[in-house]
Amino acid sequence: MKKIILTVVLVFAFGFVNAQEKEDMSFGAKGGLNISSITNADQDGVNSNSLVGFHIGFFGEFMISDEFAIQPELLYSTQGVKLEFEGDKGDLKLDYINIPVMAKYYVADAFSLELGPQIGFLVSAKAKSGGDSVDVKDDTKSIDVSLGFGANYNFAEKFMLGARYNLGLTRVQEDLFPGESESKNSVFLISVGYKF
């Protein structure tokens, strides 16, 4: 955990030094909608549907050339999946502190494409069915790794609108949905941000 935090700090520091020379850095806040699921959850009579959640946090954008930028972020994200089994409905809700580090390429002055890794730290994991809620954090992996890709549009000088898909690379839990397939997070995000 300490190594990861140190890495994030170094990325911010590296971007800050380079951006200072170009006087081209910005910080901001962002938030928005998550539409999440867990891959391969439809097994053994279980039907799954997307769960709607949210994300909120901060970002820094450091221009390293006229077209390229690095954008580390710190986000609180609510994710999971809706499940139905033999008429019973429930949710698996997973809350993470996510740290994506996106490489951005500006196709035009206000429009950019992005790609980068993300590491997530599990904060909470609850399985809900009816009025009952069970803490399943001990049965869920504490670290989630994913790859994000998306696009952003800057408007009205300080505002941005973004869309991103996070493709899970690691299992949520070893035996969450038994079978040959692995169960991983799958999250689509729509964000609105403001640069300070």
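Structure notes:
- Criterion: among the acidic types (Asp, Glu) and exposed (fewer than 14 other Cβ atoms within 10 Å of the Cβ) - qualifying residue of Asp144, Asp91, Asp95, Asp132: Asp132
- Those residues of segment 67-78 which are surrounded by fewer than 18 Cβ atoms within 10 Å (Cβ to Cβ) and not aliphatic (A, V, I, L, M), in sequence order: Glu67, Phe68, Tyr76
- Test: residue in segment 127-135 that is closer than 22 Å to Phe58 by Cα and either in contact with a Gly (Cβ under 7 Å, 6 or more places away or on another chain) or of a type in the set (Gly, Ala, Ser) (or both): no
- Filtered residues of segment 109-141 (kept if under 15 Å from the mean Cα position of the chain (by Cα) and not in a strand (DSSP E or B)): none
- Leu176 vs. criteria surrounded by 14 or more Cβ atoms within 10 Å (Cβ to Cβ), among the aliphatic types (A, V, I, L, M) and modelled with pLDDT of 95 or more: no
- Verdict on Ser146 being more than 14 Å from the chain's Cα centre (by Cα) and either in a strand (DSSP E or B) or among the aliphatic types (A, V, I, L, M) (or both): no
- Within segment 88-113, residues that are in contact (Cβ under 8 Å) with a residue 60 or more places away in the chain and farther than 27 Å from Asn47 by Cα have Cβ atoms under 9 Å from residues that are of a type in the set (A, V, I, L, M) and exposed (fewer than 13 other Cβ atoms within 10 Å of the Cβ) in these pairs: Ile99/Ile4; Ile99/Ile5, counting only partners at least 6 apart in sequence or on another chain.
- Only one of the listed residues (Val101, Val81, Val107) is buried (at least 20 other Cβ atoms within 10 Å of the Cβ) and of a type in the set (A, V, I, L, M). That residue is Val81.
The values are calculated or read from the model by the stated rules, or taken from the named source; none is laboratory data. On a predicted model such as this, the values are computed, not experimentally measured, just so you know. Ideal geometry is used to build each Cβ from the backbone, glycine not excepted, and the neighbour counts take in all protein chains shown.
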